[in-house]
Structure formats: structure tokens, C-alpha cells
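**Q** Submitted below is the structure of interest, expressed as C-alpha cells.
Derivation of every value follows stated rules applied to the coordinates shown; laboratory data play no part. Everything numeric here is computed off the predicted structure, so don't read it as measured data. We place every Cβ from the backbone using ideal geometry, glycine too, and count neighbours over all the protein chains shown.
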There are 2 protein chains.
Amino acid sequence: MQLSKRCEYALRALIDLGLAHAAGRSHVPLPELAAHENLPARFLEQILQELRARGWVGSRRGQAGGYALEAHAEAISIGDVVRHFEGPLAPIRCASVTAYERCSCPDEEHCGLRLLMVEARAAISRVLDAQTLADVVAVTRRTRRRAGLDLPFLPPEGDA
Amino acid sequence: MQLSKRCEYALRALIDLGLAHAAGRSHVPLPELAAHENLPARFLEQILQELRARGWVGSRRGQAGGYALEAHAEAISIGDVVRHFEGPLAPIRCASVTAYERCSCPDEEHCGLRLLMVEARAAISRVLDAQTLADVVAVTRRTRRRAGLDLPFLPPEGDA
DNA sequence: ATAATCCCTATTGGAGAAGTCGGGATTGAC
DNA sequence: GTCAATCCCGACTTCTCCAATAGGGATTAT
């Protein structure tokens, strides 16, 4: 049930951009993101391009360029990000809501396995589809603040 | 979040063996299992060997041989079967209970993503770890009976 | 002009998924 | 004792995807 690194890094990058936005920062350059998250820059770049193509992230070139959230953080559901990188949430296709596919078993309708997996998929969806990027960003900010830590991605002297 | 075919077939085979047991059948030969589930026999065989090695399934050779449940169906949790084939239930390692691993992010403790994934893993576990093979078999039998269908894997004339 | 940035395409190395195949060892029935 | 059905074991293949690396082009603030 593991997520791919692509998906994990994508989520981490989105959260960072959300944090940056919340901190009043506009664009964050790739090197800074990669350094902050300890990720290979070139690989992360690929992923950010994918997020851009998908419309979740915007970019600006040249000096003072970088990446920023394009969509509203409240409009990005974690479930959808996962779906984009991993496909359907359901463990087996015949239990999927968004990508149902008939399975090869003799009696799908009365299959106990399918019924169980429908429950599993519902449980996953209840967590991942209910939470938006904004929620995750908010939790991160709150817990960090409670611990007395300062927030990352502060603007570098007068940033619009 | 998809399960591999290996894992799916393993679960289907286990359920079949559970149904057979419940129907008073002792051993079911591979060809019958494969035909009933529409699965490639040779591949399914591999999987059954794996289930046998793990102690969930027993076998008998020669004529009137085949496979049968070795463990009690109530003792086989679906979550454990999934874990055996797919690894930890948690979407990311730093959210795993049974296979925790530190992640490369700068502040794991206050990471909103991790907290979310801990919830996701809990939700999955609540479904898959709570259900045993016996439960799934029972559901299958019940729903089939309600629909007026007869149960599969009946003993072939006086089977011990 | 220049340095920092994003943008695009290709390639690689390795692992794992999903099977396939050939042949050996047991066992029950006749 | 033979025979057919069955399990047992290990190798092999084919394909896809993952995770990452690499090279070089376009854009933009200073």
C-alpha cells in the first residue's frame, strides 16, 4: 500500500509551497525547495513540472523566479494528488468508485473480498478526500508554533 | 494504493479454501481452484507455495491431493496477508506502526503529512486488521445464500 | 551581459510484476 | 507395479515502472 517517492515528494513540495504562501512568500526557487526537503533537485524538478501541467502549481523564470501554488490550497484535496500519481485509492479495481473495472472472479456481486475492499477504499477516502492541502498546511503550522519553532519559507526582505 | 495481483490472487485462493473448508471439503486441487477463479494455474501454484511456506495453507500430493487451509480461518487476519505480500499498510514508512523508518524531511515530528498518513494507516488497519478470513468467508456464504445461490466447493461424494 | 532560474527531452540502471516452462517427487487407484 | 494425478522446485522471460541523472535551451531581473 506504499506511495511512490514521486507522490510523496509531490505532497511534500505542495505543502512547502503552501507554507510559503501562508508565510506571505510568492515564489520559491527549486534549489531552496530541494535543499529544505533533502531531495534530489533534478528529480524534484520533474515532479514540479508535472504539478504545473496539472495546474496545481505555477512558476516564474529568471532571477527571483521559482514555484508557487497556483490553485487555492483549500481546493487541492490530498486524495486527488494521490490519485494523480498512484491511480485509484481502492486496493482492487472492482472496489473502486472512480475507476471501477470488472474483475475475473466468478461472482463479483457476492464476493466478500470485494465488499471488504469497498470498505477499505471508503476508509481511505474518508481520510484523504476530506483533507485538503490547506488543512495539512494548517496542522503543520499549528504544531510547529506550539512547539515554539519558527515557520519555514519566510519572505527574503520585501517579497510580493 | 493498488494491491498486486499476487496478493489479490492469494486472498481469493484463501477465501476459496475457507469456503471449501466450511463446506466440509478437505483438499482442493490446484486445477479446480484455478478454473474456479479464472486464474493462470502455474502462477497461482507459485502463490499457493508461498502461502504454504507461510503456514497458512497445507497440501497433499498424489490423487485426491490438493490444498487446504492449515491455520484456522479466524486466526488469519486479512491485514497480515496484505502485509506479507505488500509490506506495511502505511502509505509512507514514517507513518508505519509495524515498520517505521525515519524519513528525510526536515521536521518529522511536526510534519502534517505524516500525521495525515498516520490517520490513513489507522483507517486501513481498522478495516483490514479487524477482519479475519473467517469473516470474509462468512460474508460470502451469507450473501450467496441470501441470493439463493448454492455454495461452491461442495465435497465430491464422501470426502474426509 | 550575466547569472539565476525554469523548461524540455532523453537515457539509465535496477527492481519488481506477472507470468511461463521443464522436469522431479509423491501418492492413490487399478 | 504401473499409471495418472497431483504437488514441488527452480529457472527464465517479458514488460513496465521507479528513481534518478544528464544535457542543453529559453527567459528574466539586475
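**Q** Mind checking which of B:Gln131, B:Gln46, B:Gln63 has the largest fluctuation in a GNM of chain B, springs on alpha carbons under 10 Å?
**A** B:Gln63
**Q** Also: Measuring from centroid to centroid over Cα atoms, what is the spacing of the stretch A:1-80 and the stretch A:97-160 in Å?
**A** Their Cα centres are 17 Å away from one another.
**Q** Report, in deg cm²/dmol and to the nearest 500, the calculated mean residue ellipticity at 222 nm for chain B, where each DSSP H run with n ≥ 4 adds -39500 (n - 2.57) and the sum is divided by the residue count.
**A** -15500 deg cm²/dmol
**Q** Let me check against my output: what whole-number percent is the relative contact order of the stretch A:29-160, with C-alpha pairs under 8 Å and at least 6 apart?
**A** Relative contact order, the stretch A:29-160: 19 percent.
**Q** Under the definition of partner shielding as Cβ atoms of other protein chains within 10 Å of a residue Cβ, what is the mean value for peptide B:29-42?
**A** Average neighbour count from other chains, rounded to a whole number: 1.
**Q** Could you list B:Val82, A:Val81 in order of exposure, starting from the residue whose Cβ has the fewest other Cβ atoms within 10 Å?
**A** A:Val81, B:Val82
**Q** Additional query: Exposed loop sites here are GluC sites (Glu not before Pro) in DSSP loop states with at most 13 other C-beta atoms within 10 Å. What is the longest stretch of chain B lacking them?
**A** In short, B:1-100.
**Q** Still on this structure, please answer the following. Order these by the 10 Å Cβ neighbour count, fewest first: A:Arg60, B:Arg121, B:Arg102.
**A** Fewest-to-most Cβ neighbours within 10 Å comes out as B:Arg102, A:Arg60, B:Arg121.
**Q** For the stretch B:1-126, just say rounded, prolate or oblate: build the C-alpha gyration tensor, square-root its eigenvalues into a ≥ b ≥ c, call rounded for a/c under 1.5, and beyond that prolate if a/b exceeds b/c, oblate if not.
**A** Since a/c reaches 1.5 and a/b is larger than b/c, the shape of the stretch B:1-126 is classed as prolate.
**Q** Would you calculate the convex hull of the Cα atoms in the stretch B:69-156 and tell me its volume per residue in Å³?
**A** 115
**Q** May I ask you to sort B:Thr132, A:Thr98 by Cβ crowding, counting other Cβ atoms within 10 Å and putting the fewest first?
**A** A:Thr98, B:Thr132
**Q** Under a 10 Å cutoff between Cα atoms, tell me which one of B:Asp150, B:Asp135, B:Asp107 has the largest fluctuation in the Gaussian network model of chain B.
**A** Most flexible of the set in this elastic network: B:Asp107.
**Q** Another question about this same structure. ³J(HN,Hα) across the stretch B:16-31 via Karplus (A = 6.51, B = -1.76, C = 1.60, θ = phi - 60°), whole Hz, x for Gly/Pro?
**A** Taking θ as phi minus 60°, the curve returns 4, 5, x, 5, 4, 4, 5, 8, x, 9, 8, 10, 10, x, 3, x Hz for the stretch B:16-31.
**Q** Using Cα-Cα distances under 8 Å and only pairs 6 or more residues apart, what relative contact order does the stretch B:26-94 have, in percent?
**A** 28
**Q** Could you grab the relative contact order for the stretch B:88-135? Cα pairs under 8 Å, six or more apart, rounded to a whole percent.
**A** RCO, the stretch B:88-135: 37 percent.
**Q** Where is the GNM fluctuation largest for chain B (alpha-carbon springs, 10 angstrom cutoff): B:Leu11, B:Leu116, B:Leu33?
**A** B:Leu116
**Q** As an exercise, identify the trypsin sites (Lys or Arg not before Pro) in the stretch A:16-59 lying in DSSP coil whose Cβ has no more than 16 other Cβ atoms within 10 Å.
**A** A:Arg54
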